[in-house]
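Heads up, the thing below is written out as structure tokens.
The values are calculated or read from the model by the stated rules, or taken from the named source; none is laboratory data. Note that the structure is a prediction, hence the values are computed from the model and not measured. FYI the Cβ positions are ideal-geometry reconstructions off the backbone, even for glycines, and counts take in every protein chain you see.
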Amino acid sequence: MSDSLDHTLKSVFGYGSFRPPQREVIQRVVAGEDVFLVMPTGGGKSLCYQIPALHREGVAIVVSPLISLMKDQVDGLVDAGVRAACYNSSLTAEESRAVSRQLAQGELDLLYVAPERLLLPDFLERLGGLKLALFAIDEAHCISQWGHDFRPDYVKLGRLRELFPSVPIVAMTATADPETRRDIIRQLGIERATLFVAGFDRPNITYAVIPKQKPVNQLLSFLKGRGDESGIVYALSRKRVEQVTERLQQAGFDAAAYHAGLPDRERSRVQDAFRRDDLRVVVATVAFGMGIDKPNVRFVVHYDLPKSVESYYQETGRAGRDGLPSQALMLFGMGDVMTARSLIENSDNAERVRIELQKLNAMVSYAEALTCRRRALLAYFGEQRDDDCGNCDICNDPPARFDATEAAQKALSCVYRVGERFGSRHVIDVLRGARGQRILELGHDRLSTYGIGAALSTAQWDNIMRQLIHLGYLGQDFSRFGALALTSAARPVLTGETRVILGEPRDLARTEEKLSRRATAVDGAH
Ligand code: ADP
Ligand code: ZN
């Protein structure tokens, strides 16, 4: 079969080789299996259902939410000699009839439909009488309320599996955090689907996170190290965007602000100037970037904490589209976490709050991680990577490691003793034998773990607790004010079977010095 797939790839699409994991995906779909494909935009998802459509009997039904994209796809396929059509509200009555006729007579290999059309009882009945090659569900995250683009029409796609149990389903999305992913699988009824995650790595981007101290100065010193390269600085609010822009301009930088509160004219001016390389730095809210396709964005700075790992990935991904070395720098401060948390908690949709807090929590974990950034990032998307990248702040300057087994055992026991109902702060107080009123009221001064960690400072314990959370020994329940509980991974630590090796917290001054030295070295190399 492989040979004939190669032949189709070449003769119909004009490409010489498959990208991973296209071949394996295609083989599975041709064999009639369900597949769940998570790849960034531009990764090459389309071939994964287009080639199977040509290698299986019957017509492939492609569900896509965007009529304009549908038309482009179909035009491209028809040019390549594929029998494809679309069926949506943009067609005239006559065109609709023509498509219906082709469909009924088995003259189509691919039919693109909008979900609301597909699910009309009439249409479903018509499909029932046809041989179907497969269903391809593009932008599958639209089915999930966890995702960022929920569409009620998509929910009904769950019926496809019931109505057509033997037709394989290919679900595709570019942005799926683990929770959204589980939801897609459940709602589409594709529990047996093989999951493929690929293409998320952006090897030319160097990731770095520095503790936010004097952010304006940190930003200025970063920019000074970047020669005349251009880039984007993301900030949380309009007000902050304005403030930072002003400071940069005062310092002599060619910078402009961009946010949704500015007049359209000003926004297009900034966007155009940036695209034409007439403007070096855009300070922006997340509103900036949707339409930006500038290949030589050399850096993206997060002045404030992004609201989720997905947004961070998407925003940093605007750097280095040309494949040349680029920087992603984040300034990370605990104050931002508090701000973000209180903004989220302002909502009165409890489910939303829980979801957003989890996403924020994952973002904070990433920022605090003492492991390779790229591994952490790819792991978040579910793409496996077994080695450190050598191109992030952690790899370039690994933290010193220390054996924290004994401290971890103390911390884990203490979490257990306080009934797995308290957050990190309280656990640390108990460990250190603090004499606060709350401790006395709760009788926690009589616990066996009271005071057993007095030899370490609060900051040291803080570092240990965080890493125990990142490494998955402790779970944090944000619906219960961050109460810590043991996970199943904690047991072997408590019994002494697993040793716990943690990173020493970074020395801020040293990190900054290294960063600016490296920036200078890079400039010197030009
Ligand atoms: P996605 O749907 O994941 O956003 P597309 O399927 O539109 O991505 O593919 C993005 C681009 O990559 C398209 O121009 C496509 O023709 C091209 N492409 C996909 N697969 C290959 C391949 N194996 N070899 C060369 N180009 C490819
Ligand atoms: Zn790394």
message: Against the condition of a type outside the set (F, W, Y) and within 10 Å of ligand 1 (Cβ to nearest atom), how does P21 come out, does it pass?
response: no
task: Go through the range 2-91 and tell me which strands (runs of 3 or more DSSP E), entirely inside it, have 2 or more residues that are touching a Phe, Trp or Tyr at 6+ places or on another chain (Cβ under 6 Å) and under 21 Å from I184 (Cβ atoms).
output: 59-63
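Where residues in the range 381-430 are acidic (D, E) and assigned to a helix (DSSP H, G or I), which of them is farthest from ligand 1 (Cβ to nearest atom)?
Among those that are acidic (D, E) and assigned to a helix (DSSP H, G or I), it is D429.
Filter the range 199-219 down to the residues that are within 16 Å of ligand 1 (Cβ to nearest atom) and of a type outside the set (A, V, I, L, M, F, W, C), then identify the one that is farthest from P325 (Cα to Cα).
Taking the range 199-219 as the starting set, the residues that turn out to be within 16 Å of ligand 1 (Cβ to nearest atom) are 199-202.
Among the residues that remain, those that are also of a type outside the set (A, V, I, L, M, F, W, C) are: 199, 201-202.
Working: G199: 18, D201: 14, R202: 10 Å.
Going through the qualifying residues, I end up with G199.
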message: If P65 meets every condition in (1) within 12 Å of ligand 1 (Cβ to nearest atom); (2) modelled with pLDDT under 95 apart from one, which number is that one?
response: (1)
statement: Taking the range 343-377 and the residues there that are without any contact (Cβ under 8 Å) to a residue 24 or more places away in the chain and within 30 Å of L502 (Cα to Cα), the one that is surrounded by the fewest Cβ atoms within 10 Å (Cβ to Cβ) would be R375
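Going through A340, A367, A362 one at a time, which residue ends up being within 22 Å of G225 (Cβ to Cβ), modelled with pLDDT under 95 and assigned to a helix (DSSP H, G or I)?
None of the other options fit; the residue is A367.
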message: So for the range 300-319 (the condition being assigned to a loop (DSSP other than H, G, I, E, B), within 16 Å of ligand 2 (Cβ to nearest atom) and touching a Lys or Arg at 6+ places or on another chain (Cβ under 6 Å)), does at least one residue qualify?
response: no
- line: Scanning the range 15-36 residue by residue, those touching a residue at least 60 places away in the same chain (Cβ under 8 Å) and farther than 26 Å from S166 by Cα turn out to be R19, P20
message: Checking the condition more than 29 Å from I344 (Cβ to Cβ), touching a Leu at 6+ places or on another chain (Cβ under 9 Å) and either surrounded by 17 or more Cβ atoms within 10 Å (Cβ to Cβ) or not basic (K, R) (or both), which residue from G231, G225 passes?
response: G225
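Conditions (1) under 22 Å from Q249 (Cα atoms); (2) more than 20 Å from the chain's Cα centre (by Cα), marked per residue:
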{"residue": "S268", "(1), (2)": "yes, yes"}
{"residue": "R275", "(1), (2)": "yes, yes"}
{"residue": "R280", "(1), (2)": "yes, yes"}
{"residue": "F288", "(1), (2)": "yes, no"}
{"residue": "H302", "(1), (2)": "yes, no"}
{"residue": "V309", "(1), (2)": "no, no"}
{"residue": "L324", "(1), (2)": "no, yes"}
{"residue": "Q327", "(1), (2)": "yes, no"}
{"residue": "M330", "(1), (2)": "yes, no"}
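For the condition loosely packed, with under 13 Cβ neighbours inside 10 Å and in a helix (DSSP H, G or I), what is the one hit in E116, E107, E94?
Numbers: E116 fails: loosely packed, with under 13 Cβ neighbours inside 10 Å; E107 fails: in a helix (DSSP H, G or I).
Among E116, E107, E94, only E94 is loosely packed, with under 13 Cβ neighbours inside 10 Å and in a helix (DSSP H, G or I).
Please go through the range 442-483 and pick out each residue that is at pLDDT 75 or above and among the aromatic types (F, W, Y). Give the steps one after another, and end with the answer.
So in the range 442-483, the residues at pLDDT 75 or above come out as 442-469, 473-475, 483.
Residues satisfying the conditions are Y450, W461, Y473.
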query: How many of the residues in the range 385-412 are more than 15 Å from ligand 2 (Cβ to nearest atom) and within 24 Å of A174 (Cα to Cα)?
result: 0
field: Members of the range 14-38 found to be closer than 15 Å to A60 by Cα and of a type in the set (D, E), listed by number
entry: E33, D34
- prompt: Taking the stated definitions as given, is L357 over 26 Å from G42 (Cα atoms), of a type outside the set (S, T, Y) and touching a Gly at 6+ places or on another chain (Cβ under 8 Å)?
  reply: no
message: Out of everything in the range 282-291 that is in a loop (DSSP other than H, G, I, E, B) and β-branched (V, I, T), what residue ends up being surrounded by the fewest Cβ atoms within 10 Å (Cβ to Cβ)?
response: V286
task: Select from the range 240-281 the residues that are touching a residue at least 40 places away in the same chain (Cβ under 8 Å) and assigned to a helix (DSSP H, G or I) and write down the one among them that is surrounded by the fewest Cβ atoms within 10 Å (Cβ to Cβ).
output: R240
query: Can you name every residue in the range 178-206 that is under 19 Å from V155 (Cβ atoms) and among the acidic types (D, E)?
result: E179, D183, E191
query: Can you spot a residue in the range 52-62 that is surrounded by fewer than 16 Cβ atoms within 10 Å (Cβ to Cβ), more than 23 Å from R192 (Cα to Cα) and without any contact (Cβ under 8 Å) to a residue 60 or more places away in the chain?
result: no
task: Return yes or no: is R318 within 24 Å of F381 (Cα to Cα), buried (at least 19 other Cβ atoms within 10 Å of the Cβ) and not aromatic (F, W, Y)?
output: yes
query: Quick one: would you say L324 is surrounded by 21 or more Cβ atoms within 10 Å (Cβ to Cβ) and either in contact with a helix residue (DSSP H, G or I) (Cβ under 8 Å, 6 or more places away or on another chain) or in a loop (DSSP other than H, G, I, E, B) (or both)?
result: no
- request: Please go through the range 171-210 and pick out each residue that is surrounded by fewer than 17 Cβ atoms within 10 Å (Cβ to Cβ) and in contact (Cβ under 8 Å) with a residue 60 or more places away in the chain.
  value: P178, E179, R192, T194, L195, D201, P203, N204
- prompt: Does I469 satisfy the criteria of being within 16 Å of ligand 2 (Cβ to nearest atom), touching a Leu at 6+ places or on another chain (Cβ under 8 Å) and closer than 30 Å to M39 by Cα?
  reply: no
message: Conditions first: (1) at pLDDT below 95; (2) closer than 23 Å to T316 by Cα. A208 passes all but one, so which condition is the exception?
response: (1)
message: Cβ-Cβ under 6 Å, sequence separation 6+ or interchain: first residue in the range 421-436 and under 15 Å from N463 (Cα atoms) and in contact (Cβ under 8 Å) with a residue 40 or more places away in the chain, partner surrounded by fewer than 22 Cβ atoms within 10 Å (Cβ to Cβ) and of a type in the set (D, E, K, R). Which pairs?
response: none
